[in-house]
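Participant: I have a structure here, written as structure tokens, and I will follow up with some questions on it.
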Amino acid sequence: MTTSNDEPPDRRLHVGPALSRLNLYDLAPAQLQKTLGEIVFPPFRVKQIVQWMHHRGVDAFDAMNNLPKELRAKLAERFTLEFPHVLERTAPASDGSQKYLFVLPDGNRIESVYMPMRDRTSICLSSQAGCAVGCTFCVTGFFGAGRNLTPSEMVGQFFIVQREHDVPLELMNVVFMGMGEPLLNMENLVPTLDMLYTNVAPKRVTVSTSGIIPGIDELAKLDRRPNLAVSINAPDRKRREEIMPITKKYPLDALMAALHRYPTDRGREVTIEYVLLAGYNDSPADAAALARLIHGLRAKVNAIPFNEDPNLPKWMQRPTDEAIDDFVDALVESGAHVTVRRSKGREIAAACGQLRGKTERKLPQRRVDRALRTEPAEIERDVVHRERR
Ligand code: SAH
Ligand code: SF4
């Protein structure tokens, strides 16, 4: 761990501030029905409210224009539908991607990314305001632990970005690859998934983890399972411990066993994320070792060239395009299924936490109270699918 606190990271996280009125988006669908059912009559009104929320993502009772005014007022007295507030959006990059910076009611800041693709659109959501896992290549890890996001804060990121771009809900993919470790926030992740599933099928939702084994096993037990992505990032235990200290708690061999246990039915694959660091884990020999590590797993590798950032160690650099090609070729030769996320210029999509970090690095230990001013980030993502030749 990068902190001196001896507590495991999961215990150091705490939940958001108690609001005087209950946010209805913090309730799982069944709980929402029950809560509304106790005070809203006749029952078809409950249905209407749920429709407005989970199908339309409205964040004001007044927008529910088929409800009587008195009912809307009564609801507003007891409950809220508050979402995070957009503080800033980067200008669209050349591929249309945009990063959003949100502020939460307690002043915490989180990021989401809108990523239009040829036939679908992905939204990358944050699950925590910070991260206690402390991977050494990650800006969110650099700034340390935050708190768990509530379901309303996660589902709010989704609806705000979806609405701004008017994306048809049936074309949405959701990835939990933003700030934080989603599997250290299971309690809020599960109701969030249930709300998202109203519009986005589980096979269109991916949860990315640094390898929290109990969380993976819990996810595996869900009736409606999201896809699993795991940040492996190193081909062996020694190097993984160096850059991902969580490996000491959840060893690589035990993690691989958990991945083999994760059900990959209906043609699904586990995604193996692998951040490429020049001269560290990017050689063809490392690719062969990675292929051996994941042998027998229904998996595809997502190679992510490292995103440089002034807050991160100077020795960490993005490999050259040639080195990336050689790594990918070696993986393909070893029989692995690989996609590579190639970025030119400053990439915004891969590493969340960097937009927030741009200002915070100037005042490392203090909370920044003014709105962020950043230059528009440029990104070009060129996702190359390569099959074995
Ligand atoms: N905590 C989860 C999800 C958020 S991080 C996890 O670790 O999987 C999402 C992805 O961003 C991870 O695969 C991580 O390895 C990658 N990442 C973090 N910092 C990065 C950087 N500086 N450059 C490229 N990828 C990075
Ligand atoms: Fe946390 Fe993921 Fe960043 Fe590691 S890579 S510090 S787990 S957000």
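Participant: Which of the helices (runs of 4 or more DSSP H) contained wholly in the range 194-272 include at least 2 residues that are within 14 Å of ligand 1 (Cβ to nearest atom) and closer than 26 Å to Gln31 by Cα?
Facilitator: Filter on the range 194-272 gives 213-220.
The rows are residues; the columns are (1) of a type in the set (S, T, N, Q); (2) within 12 Å of the chain's Cα centre (by Cα); (3) under 22 Å from Asn233 (Cα atoms).
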| residue | (1), (2), (3) |
| --- | --- |
| Asn108 | yes, no, no |
| Ser122 | yes, yes, no |
| Pro151 | no, no, no |
| Arg163 | no, no, no |
| Met172 | no, no, no |
| Leu196 | no, no, no |
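Participant: Sort through Phe143, Phe79 and tell me the only one that's closer than 28 Å to Phe306 by Cβ and crowded, with 20+ Cβ neighbours inside 10 Å.
Facilitator: Phe143
Participant: Hey, another quick one. When the residues of the range 35-68 are filtered to those that are over 28 Å from Met172 (Cα atoms) and of a type in the set (Val, Ile, Thr), which remaining residue is surrounded by the most Cβ atoms within 10 Å (Cβ to Cβ)?
Facilitator: The qualifying residue surrounded by the most Cβ atoms within 10 Å (Cβ to Cβ) is Val40.
Participant: Okay, moving on. Which numbered condition trips up Val161, out of (1) away from ligand 2 (no atom under 16 Å from the Cβ); (2) surrounded by fewer than 24 Cβ atoms within 10 Å (Cβ to Cβ); (3) not small (Gly, Ala, Ser)?
Facilitator: (2)
Participant: Quick check: anything in the range 273-280 more than 16 Å from ligand 2 (Cβ to nearest atom) and outside the structural domain of Tyr25 (by TED's automatic domain parsing)? Steps first, answer last, please.
Facilitator: Within the range 273-280, the subset more than 16 Å from ligand 2 (Cβ to nearest atom) is 278-279.
Filter once more, so that each one left must be outside the structural domain of Tyr25 (by TED's automatic domain parsing): 278-279.
Among the residues of the range 273-280, at least one is more than 16 Å from ligand 2 (Cβ to nearest atom) and outside the structural domain of Tyr25 (by TED's automatic domain parsing), which makes the answer yes.
Participant: If you check Gln157, Gln162, which single one turns out to be within 16 Å of ligand 1 (Cβ to nearest atom), assigned by TED's automatic domain parsing to the domain that holds Ser97 and not hydrophobic (A, V, I, L, M, F, W, C)?
Facilitator: After ruling out the rest, the residue left standing is Gln157.
Participant: Residues in the range 174-193 that are within 8 Å of the chain's Cα centre (by Cα), touching a residue at least 60 places away in the same chain (Cβ under 8 Å) and part of a helix (DSSP H, G or I): how many?
Facilitator: Residues that pass the stated criteria total 0.
Participant: May I ask you to say which residue of Gly141, Gly130, Gly96, Gly146 is more than 25 Å from Pro191 (Cβ to Cβ), of a type in the set (Gly, Ala, Ser) and within 16 Å of ligand 1 (Cβ to nearest atom)?
Facilitator: Details: Gly130 fails: more than 25 Å from Pro191 (Cβ to Cβ); Gly96 fails: within 16 Å of ligand 1 (Cβ to nearest atom); Gly146 fails: more than 25 Å from Pro191 (Cβ to Cβ).
After applying the criteria, what remains is Gly141.
The values are calculated or read from the model by the stated rules, or taken from the named source; none is laboratory data. None of these values were measured; they are calculated from a predicted model. Neighbour counts are summed over all protein chains in view; Cβ atoms, including those assigned to glycine, are modelled from backbone coordinates with ideal geometry.
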